[in-house]
Each structure stands twice: as structure tokens, then as C-alpha cells.
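The values are calculated or read from the model by the stated rules, or taken from the named source; none is laboratory data. Just so you know, these numbers come straight off a predicted model, no measurement behind them. Here the Cβ positions follow ideal geometry from the backbone for every residue, glycine too, while neighbour counts run over all protein chains shown.
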Amino acid sequence: MIRSKLIQYFLYPFIAIMIALLIGALIILSGGNNPLEAYRLMLEGSIGTSQTLAETIVKTASLIIAGASYAFAYRCGMLNIGIEGQMLAGAIFSTWIGVNLTFLPGLLHLFIAVIGGILAGALLGCFIAFLKNRFGANEVITTVMMNYVMLFIVEYLVTGPMREAPEFPQSARVLPSAGFPVLIPGTRVNIGIVLALLLIVLYGYYWKNSKKGFEMRIVGENPTVANSIGINVKQNRMLAFAISGSLGGLVGSLEILGIQKRLLQNFSAGYGFDGIAVALLGKNSPIGIMLSSFLFGAMKTGGNMVQMFSSVPSSVVMIIQAIIILLMAIQVFSKKTKELERA
Amino acid sequence: MDPILRLKNITIKFGALTANDNVCLDINKGETHAILGENGAGKSTLMNILYGVLKPDSGQIILDGQEVNIHRPRDARALGVGMVHQHFMLVPALTVVENIILATCQTPLINMKKTSQRIRELSTKFGLEVDPAAVVKDLSVGQQQRVEIIKALYDSCKILILDEPTAVLTPQEAKELFKIIRQLNAAGTSVAFISHKMNEIMEIADRITVLRGGKSVWSARKADTNEKELARHMVGRDIVFTSSENGAIRDKKILEVKNLCVSTAYKKNAVKDLSFSVCNNEIYGIAGVDGNGQSEMVKALLSIIPKDSGQVIFCGKDITHDSTKEIFSKTIGHIPEDRLNMGVISRFFIFENTSFYNYRTDEFSSRNSIDWKKEHSYSDKLIQKFNVKASGGKAVFSTLSGGNQQKLVVARELDKKPRFLIAAHPTRGVDIGATESIRKHLIQQRDQGCAIILISTELEEIMSLSDRIGVMYEGKMIAETTPKEASIEQIGLWMAGKES
């Protein structure tokens with residue numbers, strides 16, 4: 001029992017990572033570069049110095065929250081592919097509050113700006129759940145479409161109503177009072193990482209112990225059973241998507257108020273999609289999401305370093321990530337097919 | 001004259017279940033041979049063997065005096081055996097011709113013209129009116145069935161199998177079908193007609209074979225028999241009744257259902273104007289062929305699906321408009337007809353499954369969190385108390401055998417000490433040992449004062465457990481009786497829709 005869990009949660013992901021690194025090495029080799037050197041650079045560039053480690057931690061924070069967002073909907077039986085869109089919604093609201101509500105004092109300003117971002121994401125999530133509950137619309141389609149909608153809204157805003165100066169497609173800078181306080185001076189590490197760790201602990205507790213979490217798990221496994229024993233399926237789906245969306249919105253707030261400080265056209269580093277990978281690799285468990293977030297964060301920072309100091313492009317990192325996801329997804333399916341065969 | 005088809009000693013086993021046990025069947029040229037039996041008697045299994053869907057463990061199929069091996073439906077069709085399944089195998093978006101080509105065309109190129117011509121030929125010959133160019137989804141159910149029959153007849157068919165063909169038809173459409181069958185017979189095609197409705201069989205069949213419990217128990221010409229005799233053979237006469245009367249005073253109406261009407265997306269008026277009541281210390285058995293509104297009634301009582309109209313009263317309180325959650329917060333239990341889709345999550349642990357109702361009670365939770373330690377020891381207690389063979393609450397539910405899974409569901413429902421319990425097919429698909437234990441628990445529960453609705457298609461179970469019996473037919477309670485008053489033949493007739 002415990003052994004099979006260990007295998008499932010640690011051995012499979014470990015093998016997936018190793019195979020991906022091996023294939024990555026072959027690709028680097030085929031480009032005429034030394035894979036060991038590239039990996040050494042990647043390691044050094046991600047956790048080698050205090051400065052790079054700080055960057056990795058900054059990225060880890062966003063990835064943890066994005067991963068929790070995906071996993072939250074997933075455990076209630078739904079696929080939230082729209083974290084990217086919810087993130088953009090959160091970013092818009094946080095930016096607007098951060099720029100315009102100048103009368104708010106220090107921490108309150110930050111608090112309101114973050115709440116604004118969370119609410120924006122939650123609203124978008126509710127909209128998706130509403131479409132699913134009312135019309136039976138598949139959430140994969142609607143979330144993917146909303147991603148585009150949000151992308152274009154951001155584009156419109158930074159080139160129109162929210163543009164600061166005519167020459168740059170970007171908003172004004174948020175006030176310092178709405179910025180995330182820096183945790184380690186001289187780096188970009190802010191209280192976002194504390195928030196992320198706190199949230200992932202809450203996440204673990206919610207799914208392990210809470211009544212609502214138990215209900216959502218039943219809905220996720222089999223809505224017909226949930227309905228038959230008196231659990232409101234639609235209500236639970238609505239709540240799950242609202243929470244998933246609000247976590248997505250929070251990633252947007254964190255990105256704007258903690259890192260970018262202003263709304264830009266392409267400010268997103270793709271955390272919305274990385275969140276899916278992180279949840280998949282971490283098997284939706286709190287510790288798994290934390291560890292895989294750190295890994296993906298490290299690869300993101302390390303990839304930049306590799307590109308800077310060798311002729312290996314940083315897209316190698318994306319290839320490695322893609323292979324990890326692929327291998328994990330195959331496991332998900334092979335487990336499912338085995339169950340089908342047994343049934 | 002030798003029969004055109006002879007099935008000899010066909011036996012097939014699914015695990016421990018013998019679905020067909022030395023079944024013998026003769027069908028003559030140009031006759032309609034009815035195969036009668038209750039649900040699970042092995043009718044469909046036998047026909048699937050003849051059509052090559054299933055392979056028998058032993059036995060012979062002799063066609064036109066020659067022993068044949070049928071490995072797949074294509075072989076059967078080549079030998080002149082066609083089948084119309086209960087659920088149609090048509091592509092709704094395609095036209096009639098396209099569907100027929102899809103099923104019958106063996107060559108790489110298709111010939112629409114020739115196929116349409118053959119369809120017209122068949123429809124004029126047998127009165128199978130259908131437009132070859134029509135799109136299937138626009139056709140009525142009766143017309144779709146005709147398309148299926150044409151499909152089966154397309155390559156010269158000697159024996160046509162119809163699996164419960166009237167189940168989906170209106171009475172008028174059924175009459176049309178019977179006309180077609182007679183024309184087929186006249187042209188020399190034999191028809192194997194599967195049904196559990198006696199009046200139909202008496203109307204259309206030339207000869208009848210009764211299957212019961214996987215065995216062919218009896219065979220006769222229609223002219224030599226009557227409905228009563230058929231009913232007796234179908235149900236089986238040697239049933240041991242263990243009367244469970246306990247002499248308790250039944251003075252309180254625990255559940256009262258008044259004029260309940262239910263429609264679903266698939267079935268209008270699945271339950272029609274249904275009224276009955278159950279008292280304390282009483283098992284109210286509901287007999288009926290599957291699909292006559294029993295499961296819709298249960299779901300509507302529990303507010304799992306909405307009611308069109310009617311009233312449900314539990315212990316004097318109107319619970320018609322209560323939600324499922326509110327209903328289960330009262331002392332009401334439910335053993336569902338399909339545990340895997342209504343009662344448990346088989347991937348969850350046992351202790352999670354046993355917590356499905358009590359996780360929201362104060363005893364097992366505080367504010368927002370569930371006390372899993374308590375739930376764990378509770379599941380261990382249930383396992384012990386109800387003698388479930390499981391290593392403990394921490395095992396995954398799906399590792400249990402079917403009988404033990406059902407025992408655990410029963411345990412969970414009975415341990416609520418319900419005043420009212422719905423037991424839908426509580427022993428279906430369960431081995432003999434578990435069946436005995438489940439029945440014993442139900443009787444024990446009744447003796448403690450519980451009002452129980454027992455829904456079953458097995459008359460023997462209904463007769464031996466119930467204090468009163470209602471018979472459901474097409475959504476209505478067409479008769480009410482007690483096991484002492486009514487004979488099993490009489491109930492069998494009611495189940496087939498014969499009011500008398």
C-alpha cells in the first residue's frame with residue numbers, strides 16, 4: 001500500500017524526469033554541444049548562486065499557485081485550461097487598482113489590489129462553470145476560448161484605455177504601496193512565496209479533511225453517484241471553478257504587483273500552462289505540486305542561463321518539459337485503460 | 001420435416017454463472033418461434049450465440065441438417081441468420097441506404113442505385129414501407145426497426161432473430177410488425193421472437209420455448225397451451241416459500257405516495273398516477289418486469305429526478321419537494337439498483353464509501369472538517385457487524401467481491417437505523433451466500449419496525465419476503481395483493497400487463 005504509493009508519487013515522476021533529461025541530452029548533442037556542460041550551466045544558472053536561486057524561488061511561487069489552480073478543478077472532475085486567461089483577468093484588475101486607487105494607504109492598497117485580481121479570476125471561473133451547468137458546454141473548449149478573449153482584451157487595454165505613453169503598449173506603473181513587499185533585499189523574492197506555501201498547505205488540508213473537499217472529490221469521480229446521495233453537483237462545480245479561477249487570478253496579481261509592476265502586452269511567462277504540467281507531474285498532491293514547481297521554476301531560470309553562456313537555445317528546456325508532461329500523461333492513460341480493462 | 005435450425009445442448013458460462021445450461025431449441029421452416037423467459041433467463045445469450053456474438057463452451061448448432069461453426073456475426077449472416085437487436089445499430093445522421101450499405105457491403109466500391117433497388121424490392125415484398133433516401137434520425141422508432149429488419153433480410157435470410165422487438169414500439173407499431181412477421185413466414189423465413197410479454201407471444205407465435213434460469217424447461221405448440229401454463233413455466237412452479245410473517249401491528253403509515261407522475265428525457269410518463277403506502281413493520285414488494293417505471297419511481301421519491309406531480313408523505317410530513325440531501329438527513333435508507341453508479345465510488349477506500357451520508361453529521365465532523373479516524377473505526381465496525389469479507393476499512397472498495405460490495409452497501413444503509421428503506425434489486429448479481437445474509441438483514445430490519453419497499457424482478461424473492469405485493473406495469477400499480485392471496489401465475493399475468 002505505502003510502497004505502491006511511493007512508486008506512484010515519486011518513482012514514476014523521477015523516471016519521467018530522467019528520461020526527459022536523457023532525450024534532452026541527445027538533442028543537445030545532435031546540435032554539436034556538450035550536454036553535460038549545458039546541464040551544468042543550467043544547474044548553476046538556477047540554484048548555483050544566491051541570485052539565481054532567488055529567481056527560481058520567484059518563479060516557483062507563481063507555479064505553485066498555478067498548479068494548485070489546475071489541480072483544484074481537476075479533483076472536482078473538470079479541466080481548467082483557462083488559467084492563463086484567469087491570470088490575465090487578475091492582472092488587469094490588480095493593475096487598475098494598483099495604478100488608480102491612490103488614496104488607499106500602504107498595505108490596504110496591496111490587499112485590495114490582490115483581492116481585485118482574485119475576484120476577477122473567480123468571476124471568469126464562475127462564468128465557465130455557469131456555461132457548463134446551464135448549457136453543458138465543455139469547459140476545455142470554453143476555457144481555451146476565454147484565453148484568447150482575455151489576451152485580446154489585454155492587448156486592447158495596453159494600446160488604448162490603460163496606455164501610459166503613446167509610444168509604448170503598456171500601462172502606467174502600479175504605486176509602490178500596491179507592490180508585494182520584498183522578502184530578501186537585493187532580489188525579487190517577495191512575500192509571494194510565503195503566500196504560495198501557505199496556500200498549498202491549505203490546499204492539502206482542504207482535500208484531505210474538509211467536508212466540501214470530500215463532496216467535490218465524489219463529484220469529480222462520479223457525478224451520478226454524487227447526485228444520488230444528495231450532493232449538489234452543479235453547486236460544487238461552480239465553487240470548484242470559482243476557487244480554481246481565483247487562484248489563476250492570484251497568479252496574475254502576483255506577476256503584476258510582485259514582478260512586472262505594470263501591465264504589458266506579453267507579460268505572461270506561460271504560468272497558466274505550466275500550472276497544468278506542474279499539477280500533472282505532482283499528481284495533484286500538495287508536496288508533489290511544490291516539488292515540481294521548484295523543478296520547473298529552476299528549469300525556466302536555468303534555461304535562460306544556458307542560452308546566455310552557450311550556443312544551446314533555451315527552447316531545449318521547453319522540449320524537456322514537454323517530454324516530462326508527455327510521459328506523465330501516458331501514465332495517466334495507461335492507468336485508466338487498465339481500469340477499463342478490469343471493469 | 002426436419003427443422004431448419006437445431007440448437008443442441010448449448011452451454012455457456014460467465015465465471016460462476018451458467019447463462020445457458022444444455023439449452024435445446026428447434027425452429028421449423030417458416031414458423032415464428034417464441035422464446036419466453038424472465039430477465040436473466042438466458043434468452044439474449046442464446047440468440048447472441050446463434051448470431052456469433054458469443055461462443056458457446058459446448059453444444060452444436062445444426063443448420064439445414066449440417067453442423068456449422070459461427071465465429072462472428074458475419075459468418076451468421078453468410079449462413080442466412082439475421083438479427084435485430086433490442087437497441088438499434090443505426091447511424092442516425094446517415095440515410096437508410098447508407099446505413100444498409102454500411103452493414104452489408106462487402107466490396108470496396110458501393111452501389112447506391114443497386115442497394116436502393118434491393119431495399120424497394122424487399123419493402124414491397126414484405127410490406128416494409130420505408131424511403132431509402134430518408135435520414136435515419138428523422139424516422140420513427142417503428143420505421144427504424146423496419147430499416148433494421150431490411151438490413152437483416154438484405155442477404156437472403158433464412159432465420160430472423162428479433163430480440164424483444166416490441167419493447168420500444170407503440171401498440172399500433174407492434175401490430176404492423178406482426179403483419180410483417182406473418183408475411184415473412186409466408187415467404188418461408190423463420191422468425192425467432194424473444195419476449196417476456198405473454199399476450200404478444202400468444203398472438204404471434206407458432207411454437208413456444210420457455211427458458212428459465214438458463215435452461216430450456218418446456219416447449220409447446222401455441223395451440224396446445226394457454227397463458228396460465230406459460231406463466232407457470234416461466235416463473236417456475238417449485239418455489240419454496242419461507243413465509244416471514246411476524247404478526248406485528250401495522251398501524252402507522254410510514255410512507256404514503258399519492259398520484260405520483262414522473263417523466264424523464266427518455267421516457268414520457270415513466271410513472272403514471274402511482275399511489276401506494278407502506279406501514280411500519282412491513283415489506284412492500286413491488287413486482288414487475290424491469291423497465292416498467294420502478295427505477296424512475298425510486299429516483300423521484302428520493303428527489304434524484306424531478307416529479308411531474310403527486311405527493312410523498314413520510315411519517316406525516318410532506319417530503320415531496322425536499323432535496324435529496326434533506327431526504328437522506330431523515331431516517332431514510334436506499335439500497336440502489338446500480339451500486340457503482342448510484343451508491344459507491346469503487347476507487348475510494350472502504351472507509352470513505354461508508355462515510356457517504358454520515359460525513360456531514362455532527363458525530364463524524366466538526367464545523368468543516370471530517371474526523372477520518374472516527375470514520376475509519378466506523379467502517380471497521382460495519383465490516384465486523386455485517387460479516388463483510390474485507391481486510392479492513394483502509395482497503396480500496398473495488399478489491400471486494402461483488403457480494404461483499406453489496407453487503408457493505410446494505411450495511412451502510414441499515415446501520416442508519418432507517419424508519420423507511422428502499423431496497424432496489426438488493427440481491428441482483430449477488431452469490432447465494434450473500435443473498436441469504438442480505439435477505440435476513442432486511443427481515444430483521446422490518447421486525448424492528450422499519451417500512452421497506454422491496455423492488456425485484458425475481459418473483460420468488462418478492463413472494464418470500466413481502467407482506468404485501470404491488471405489481472407495476474407501464475408505470476402504473478395495476479394490482480395489489482398479498483403472498484397468501486395470489487398465486488404466482490396470477491402475479492406473472494399481472495406482470496405481463498393482463499388485468500383481471
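Miscellaneous remarks
Residue by residue, here is whether (1) over 19 Å from residue B:480 (Cβ atoms); (2) modelled with pLDDT of 90 or more holds:
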site	(1), (2)
B:224	yes, no
B:245	no, no
B:275	no, yes
B:286	no, yes
B:289	no, no
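- Top-ranked residue in the range B:331-354 [being surrounded by fewer than 22 Cβ atoms within 10 Å (Cβ to Cβ) and free of Cβ contacts under 8 Å to residues at least 40 places away in the same chain; ranked as nearest to the other protein chains (Cβ to nearest Cβ)]: B:341
- When the range B:356-373 is limited to residues that are more than 8 Å from every other protein chain (Cβ to nearest Cβ) and surrounded by 15 or more Cβ atoms within 10 Å (Cβ to Cβ), the one that is farthest from residue B:332 (Cα to Cα) turns out to be B:371.
- Filtered residues of the range B:374-420 (kept if of a type in the set (Lys, Arg) and more than 14 Å from chain A (Cβ to nearest Cβ)): B:381, B:385, B:389, B:407, B:417, B:419
- Helices (runs of 4 or more DSSP H) fully within the range B:337-424 counting 1 or more residues that are modelled with pLDDT of 90 or more and charged (D, E, K, R): B:350-353, B:372-385, B:402-414
- A count restricted to the range A:180-233 and to residues that are aliphatic (A, V, I, L, M), closer than 16 Å to residue A:71 by Cα and within 8 Å of another protein chain (Cβ to nearest Cβ) stands at 1.
- The residues listed here are A:204, A:245, A:288; of these, the one that is surrounded by fewer than 20 Cβ atoms within 10 Å (Cβ to Cβ) and in a helix (DSSP H, G or I) is A:204.
- Complete set of residues in the range B:260-283 that are under 23 Å from residue B:466 (Cβ atoms) and aromatic (Phe, Trp, Tyr): B:276
- Close pairs from the range B:458-472: first within 13 Å of residue B:443 (Cα to Cα), partner of a type in the set (Lys, Arg) and at pLDDT below 85, Cβ under 9 Å, at least 6 apart: B:467/B:250
- Subset tally (residues that are assigned to a helix (DSSP H, G or I) and touching an Asp or Glu at 6+ places or on another chain (Cβ under 7 Å)) for the range B:1-46: 1
For every residue, the table says whether it meets (1) at pLDDT 90 or above; (2) outside any strand (DSSP E or B); (3) surrounded by fewer than 23 Cβ atoms within 10 Å (Cβ to Cβ); (4) within 20 Å of the chain's Cα centre (by Cα).
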| residue | (1), (2), (3), (4) |
| --- | --- |
| B:453 | yes, no, no, yes |
| B:472 | yes, no, no, yes |
| B:480 | yes, no, yes, no |
| B:484 | no, yes, yes, no |
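- Any chance residue A:234 is among the basic types (Lys, Arg), in contact (Cβ under 8 Å) with a residue 40 or more places away in the chain and under 27 Å from residue A:134 (Cβ atoms): yes
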